[in-house]
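Novice: First the structure, then my questions, so here it is.
The values are calculated or read from the model by the stated rules, or taken from the named source; none is laboratory data. Computed from a prediction, not measured in an experiment: that's the story for all the values here. Here the Cβ positions follow ideal geometry from the backbone for every residue, glycine too, while neighbour counts run over all protein chains shown.
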Amino acid sequence: MSGLTATQLATKLDLSKGRISQLVTEGKLDGCYKGDGRSRRFDLAACANALNRKLDPGQLMGNGARTRQALREIEETESPVEAPQDVPERDSAPLRTTDQARYEMARTLKAEEEARKLRRLNAQDDGTLVLAEQAGREARRALAAELAQFENVLRNAARAVADKMGVDFKTARQIMIDVWREHRSARAQQLDQEAEAAEMAPEEQDADF
């Protein structure tokens, strides 16, 4: 392939135009071109041979084969693809409508959740809402304090009985503890049953937290 400009030759050989000019100046491409300056035209095969470069058939033919193949690929890409007969194009409209509905539903659910969160925070700040976890901690703390006080009462009562009745202190104390534990167990079961049967007040049902 002959008649190439310096720029075209640089592209074919994957070199820079400046490198081509340097090779010409160094005399390494002597006999591989005709003309001077801008009118200089190079013979691709001769230049490749002078530089010990191997060319593939596409380069030797001016990339004509590659060009034709590229054009065919472009035409195939741009050709409209026929839709399957059993899937009409109008079916895509309901799909887009469904996706839009799902998106709107997700936005609505998120907005409702944010609104419930704000209501909870406002109710906590106003003192009209107490979280179950916080209430449980306070109840356990108060119960522990009461149990400690009642154990002191049992101990003092056992000591008083032992002194007045002339019985063993440890025996009297153990009897009182056994009676207390039996009462506490029965009471706990009763409270659990009441909690399970409890219903929300109308105000609690109306409040969407």
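Novice: What's the number of the only condition in (1) surrounded by 10 or more Cβ atoms within 10 Å (Cβ to Cβ); (2) at pLDDT 90 or above that THR25 fails to meet?
Specialist: For THR25, the failing item is (1).
Table: residues versus (1) surrounded by 11 or more Cβ atoms within 10 Å (Cβ to Cβ); (2) modelled with pLDDT under 80.
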| position | (1), (2) |
| --- | --- |
| THR97 | no, yes |
| ARG107 | no, no |
| GLN124 | yes, yes |
| ALA132 | no, yes |
| ALA135 | no, yes |
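Novice: Just the residues that are at pLDDT 90 or above and part of a loop (DSSP other than H, G, I, E, B), please, taken from region 164-209.
Specialist: Passing the criteria: GLY166, VAL167, ASP168.
Novice: What number of residues within region 34-73 satisfy the criterion of being surrounded by fewer than 12 Cβ atoms within 10 Å (Cβ to Cβ), part of a helix (DSSP H, G or I) and at pLDDT 70 or above?
Specialist: 3
Novice: From the set of residues in region 1-22 that are part of a helix (DSSP H, G or I) and among the small types (Gly, Ala, Ser), which is surrounded by the fewest Cβ atoms within 10 Å (Cβ to Cβ)?
Specialist: GLY18
Novice: Something else now. Considering only region 1-14, state which residues are under 12 Å from ALA48 (Cα atoms) and either free of Cβ contacts under 8 Å to residues at least 24 places away in the same chain or of a type in the set (S, T, N, Q) (or both).
Specialist: Matches in region 1-14: SER2, ALA10, ASP14.
Novice: ALA142 passes all but one of (1) among the hydrophobic types (A, V, I, L, M, F, W, C); (2) part of a helix (DSSP H, G or I); (3) at pLDDT below 75; which number fails?
Specialist: The number of the failed condition is (3).
Novice: List pairs: first in region 171-199 and assigned by TED's automatic domain parsing to the domain that holds LEU147, second assigned to a helix (DSSP H, G or I) and exposed (fewer than 10 other Cβ atoms within 10 Å of the Cβ), Cβ under 8 Å, 6+ apart or cross-chain?
Specialist: Qualifying pairs under 8 Å: ALA172/MET165.
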